[in-house]
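Asks: Submitted below is the structure of interest, expressed as structure tokens.
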Amino acid sequence: MELPIRLSKDSREPIYHQIEKQLKALIASGLLAEGTPLPSIRALSKDLEISVITIRRAYQNLENEGFTKTIQGKGTFVAKIADPIKQQIKVSTVYQAMEKAIETAVSYDYTFQQIEGIFKEILTTYEEDKK
Amino acid sequence: MQEWKQALGLAMFELKASLKGFLFVFLLYTLLALSVISTLGDSVSINHGIVDLLFLLAFGFVPLFMKPKEFQYQKDGDFWGLPFFIMLSQLPITKKVLVQSRFILYFIYSFPFQFLLLALLYVLNADLQGMLSPLSYITFSIIWLSFGVYVGYIMPASDAGYKANTKKFVFDSIAQYGGSIALFVIYQYVFDYGIVYWTVIFAQKWPFLSLVLSIVLALFGCQYWKSYLKKKMGEIDYL
Amino acid sequence: MTATLEVSQIEKKVDDFQLGPINLQIDPGTITALVGNNGSGKSTLLKIIMNMVNPSAGHVKIFDTYISHEEDDWKSYISYQPQTVIGYNPFTGNKLKELIAPLYPNWDDALFLKLIEQFDIPLNKRFGKLSQGAQQKLSLALTIPRNTALLILDEPTSFMDIPSKQYLSDILVDWMEQGERSILLTSHQADDIQKLADYLFVLQNGKMIGNFEKDALTESYKRYWMNDALPDIPVSGEVSRNGKQIISNQPDITEQYLNDNNLQWLDRKALDLEEIITLLLAGKGRN
């Protein structure tokens, strides 16, 4: 199974951290439900063209934080995650996405007012599309 | 026993890949030898330079030419080696087995031809029959078959390969072949009796001594050439 | 954890070419790509590992066994595919399999047949009569299923088409997952390295430049597009510059320097592996 993980090598955020965060988001969103097997370290390494050392690090962190469980000889599976934690991740994912958008706008010298304008505009278009 | 079987298997593997070629060359050389023997006729003495040449070739060089081309030495840069041997040396085959297989293969290439030659010569040459009883002829044969081991086995012993640029190779070849030919010619001029004739005399007069001496030399030679090949394998850089 | 392979202080002089001293360790479960310019000594190093070339100094160990002429056991731990396979020519694929398979107790015949089928190689044709691409594929089919702890491939894909390369990397990834195995490969194809390698061992004209973890290497190189003119003196961390572009292999230090000197940059991008290798082999950016 190929996971919808997108890595930005230009970012200052370490790759293992990006992988870890995106996997958490996938788990929180329910896309990776409890019990779903994660791809093997080697398989994900090939798909993302990232070394097994990096993937192992990300997997280890997920395991330590209780997001996954590894069964010896079988692989790594998504663990049961309490709803509040899922909620927390969802919130922080949204916050981070917004922050990133704002950072981009700021770097192009947009004012806060302009940014707010754009935000509202997108929101309105989105609402109309939904109807 | 297990090792011996594996070595035989490896030798047969190479032989089978070129069985037709081998049989063809075998037949060709046998016919050549036959024609030499029959031209001599049964009146010509065994004490003849041609007979010496025939024996030296048969027990020294001929088996090398029995090999089909793709199993002979091939040049790669300054290195002359046997591709199949190099391939085998990269596989988990013990050195002992690998070395053994080379000598078994050489035996298969050389012995039947040498044996046939000795048999044909006795059957067709009345001169020889007159000089040697069948029993003495067996002694005579063992002298020569042993020679084929302690001298001839230098051939498989060289299977590890040879490093030389073209100049050195040409020089070495001239030195080796030219030297052998020169020695041979000088011998023929200086001495009244040929090499083969001498061995006939040995078989007649000192059968026991020549038998023992030959067999001891053959056994020693075989061991020596085997350890020589093993040593060479460790020295050469297959770059 | 015992290393699968340990190369210590290996040196070799061939005419006026000097290889080493080389130190390399390969751990179980990892793929190392041997990278270097032509004539950097990659194949020679592999042949030293295979004991086909005698080093003038140093030693090689596979697990706890020293590789030497006195011992034979180590050979069953390594499968080696040289750049040009020699000795196969007179034999058909069937014959070669008959020779090779029984020598390896873990030989995977199903994998062999799978490779043969996927690569579409005739097994009843003499090796010497096959095209270069088919020869390479058949050699791989005769090497990978040996299932040894270490697999050494010298330029395995140089004559292969794109789909076959793709297939090969899938096979190798699969192969790696069957146990604690390792691969050491050389390749001039940045693609192979990008996809497969965990470590890059870089050689330049016989000298060892380093053994880099792939992501650490890619993360450490950044290219900056500057807003302001650069000072004449090199910027901290700078390894190369081109007009208003600079490349750094220590982005943290470089950015600190740029900030301290009030130099603005427009954009920052990672380099791809090919560019990094080129820089390393050009002698730039070595610490």
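No lab work stands behind these numbers, since they all come straight from the coordinates. Not measured: the values here are computed from a predicted model. All Cβ positions, even for glycine, are placed from backbone atoms using ideal geometry, and neighbour counts span all protein chains on display.
Asks: Please compute, for peptide A:52-59, the average count of beta-carbon atoms on other protein chains lying within 10 Å of each residue's beta-carbon.
Replies: 4
Asks: Here's another thing I want to ask about it. Give me the Å³ per residue figure for the convex hull around the C-alpha atoms of the range A:10-120.
Replies: Per residue, the Cα convex hull of the range A:10-120 comes to 124 Å³.
Asks: Given an 8 Å cut-off on Cα distances and at least 6 residues of separation, report the relative contact order of chain B as a percent.
Replies: Rounded, it is 30 percent for chain B.
Asks: Can you give the log10 of the normalised intensity I(q)/I(0) at q = 0.10, 0.20, 0.21 Å⁻¹, computed with Debye over equal Cα scatterers of the range B:71-183?
Replies: Rounded to two decimals, the profile gives -0.46, -1.12, -1.16.
Asks: Taking the C-alpha atoms of the range A:60-131, how large are the radius of gyration and the largest Cα-Cα span, Dmax, in Å?
Replies: Both quantities, over Cα of the range A:60-131: 18.9, 56 Å.
Asks: Could I ask something else about it? For the range A:1-27 and the range B:190-239, what is the separation of their C-alpha centers, rounded to whole Å?
Replies: Spelled out, the Cα-based centre of one part sits 75 Å from the other.
Asks: So what are the range B:2-235's ellipsoid semi-axes, whole angstrom, largest first, if each one is the square root of 5 times an eigenvalue of the alpha-carbon gyration tensor?
Replies: Each semi-axis is the square root of five times an eigenvalue, giving 32, 20, 18 Å.
Asks: Sequence gap at least 6, Cα distance under 8 Å: using those rules, report the relative contact order of the range C:222-270 to the nearest whole percent.
Replies: 51 percent
Asks: Can you name the helices of chain A, as whole DSSP H runs, whose Cα span along the helix axis is 18 Å or more and whose Kyte-Doolittle mean is not below -1.0?
Replies: Membrane-span-like by this rule: A:15-28, A:83-107, A:112-130.
Asks: Could you work out the Kirkwood radius for the protein assembly as shown, taking every pair of different alpha carbons, averaging 1/r and inverting it, reported in Å?
Replies: 30.3 Å
Asks: So what are the three principal axis dimensions of the range A:15-78 from its Cα atoms, in whole Å, longest to shortest?
Replies: For the range A:15-78, the Cα extents along the three principal axes come out at 26, 26, 20 Å.
Asks: Something else about it: Would you mind calculating the relative contact order of chain A from Cα pairs under 8 angstrom and at least 6 residues apart, reporting the percent as a whole number?
Replies: RCO, chain A: 23 percent.
Asks: So, one more: What's the ranking of B:94-100, B:211-217, B:104-110 by average number of surrounding C-beta atoms within 10 Å, highest first?
Replies: B:104-110, B:94-100, B:211-217
Asks: Antiparallel versus total DSSP beta bridges in the protein assembly as shown: what percent is that, nearest 5?
Replies: Given both bridge residues lie in the protein assembly as shown, the antiparallel proportion sits at roughly 70 percent.
Asks: How would you rank A:Lys90, A:Lys21, A:Lys131, going from fewest to most other Cβ atoms within 10 Å of each one's own Cβ?
Replies: Sorted ascending by nearby Cβ count, the order is A:Lys131, A:Lys90, A:Lys21.
Asks: For chain B, find the longest principal axis of its Cα atoms and tell me its angle to the long axis of helix B:2-16, 0 to 90°, nearest 10.
Replies: That helix lies at roughly 80 degrees to the long axis.
Asks: In peptide C:21-34, how many Cβ atoms from other protein chains are near each Cβ within 10 Å, on average?
Replies: Across C:21-34, the average partner-chain Cβ count within 10 Å equals 1.
Asks: Just round it to a whole percent: the fraction of Cα-Cα distances in the range C:189-241 exceeding 15 Å.
Replies: 64 percent
Asks: For chain C, set up a GNM with springs between Cα atoms under 10 Å and report which of C:Gly36, C:Gly20, C:Gly58 has the largest fluctuation.
Replies: C:Gly58
Asks: Related question: So, by mean Cβ neighbours within 10 angstrom, what's the order for C:198-205, B:220-227, B:79-86, C:82-89 with the highest one leading?
Replies: Packing proxy ranking, top to bottom: C:198-205, B:79-86, C:82-89, B:220-227.
Asks: Now for a separate question. Take the Cα radius of gyration of the range C:1-90 and divide it by 2.2 N^0.38 Å, with N its residue count; two decimals is plenty.
Replies: Compared with the compact-globule rule of thumb, the range C:1-90 sits at 1.11.
Asks: Treating cross-link reach as a plain straight distance, find the lysines whose alpha-carbon is under 20 Å from the alpha-carbon of A:Lys21, omitting any fewer than eight places away in the same chain.
Replies: Those lysines meeting the cut-off are A:Lys9, A:Lys46, A:Lys69, A:Lys80, A:Lys86, A:Lys90, A:Lys100.
Asks: Other chains' Cβ within 10 Å of C:221-228 residues: what's the mean?
Replies: 1
Asks: Shifting gears a bit: Please report, for the Cα atoms of the range C:5-216, the Rg to one decimal and the Dmax as a whole number; what are they, in angstrom?
Replies: Calculated on Cα positions, Rg and Dmax stand at 16.7, 47 Å.
Asks: Now a separate question. Report, in whole Å, the centroid distance computed from the Cα atoms of the range C:9-81 and the range C:197-267.
Replies: If we compute the Cα centre of each part, the gap is 32 Å.
Asks: May I pose another question? Find the all-direction average of the projected area of the Cα convex hull for the range C:222-270, expressing the result in square nanometres with one decimal place.
Replies: Its Cα hull, projected and averaged over all orientations, spans 2.8 nm².
Asks: Would you mind ranking A:Glu127, C:Glu213, C:Glu71 by Cβ crowding within 10 Å, fewest neighbours first?
Replies: A:Glu127, C:Glu71, C:Glu213
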